[in-house]
Each structure stands twice: as structure tokens, then as C-alpha cells.
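First the structure, in the form of C-alpha cells, and then the observations on it.
The values are calculated or read from the model by the stated rules, or taken from the named source; none is laboratory data. These numbers were taken from a predicted model, which means no experiment stands behind them. Here Cβ is always computed from backbone atoms with ideal geometry, including for glycine, and neighbour counts include all displayed protein chains. Note: areas computed on protein heavy atoms with side chains; ligands, DNA, RNA excluded. Shrake-Rupley method; radii C 1.70, N 1.55, O 1.52, S 1.80 Å.
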Amino acid sequence: LGPRALYLHNGSGDTGYRLHGTLEPGSIGKDVSSGCIRMFPEHVIDLYQRCPIGTAVQVLEHIADRMPQLDAQNG
């Protein structure tokens, strides 16, 4: 999970989702994990220091999920 991981909870407990750093920067912004949000290590360290336990988090739909798919021929 990189240098830090913020575990997201709701009223029922742990959601299984995390905000965490990664040592694989090419994976940031890609659908490569089970719902976790990968960040640059320095960004998640900063966020970890600034957000106390109980901070509200709103996860928005990724903009790429709304883009039409292009095929290689029409690229």
C-alpha cells in the first residue's frame, strides 16, 4: 500500500476501499485494484497529515468512465 494508507469507513464499518500510495506511478488513475485509489507517495503522505480521522470523503466517478470507447481503427 505504499508509504501510507487511509482506510475508508461508513456507518457500517470498513468499506474495503483505501486511499494509498504506490511505488508504481504508471498504475495511478487506472483500474488496477479492487476499488482503491492510488496516489503518488508524496501526495498521500501530505493528505494523511492533513486529514484527521473522521474526515468526510467523496469519491467521484472517473472521467474516463464517461468517455466513448475508441477502437484502434478509428482511434
Q: Return the only residue of PRO52, PRO68 being modelled with pLDDT under 75 and part of a loop (DSSP other than H, G, I, E, B).
A: PRO68
Q: Could you run through segment 16-37 and say how many residues are open to solvent by less than 90 Å² (accessible area, probe 1.4 Å), closer than 21 Å to ARG50 by Cβ and of a type in the set (Ser, Thr, Tyr)?
A: 1
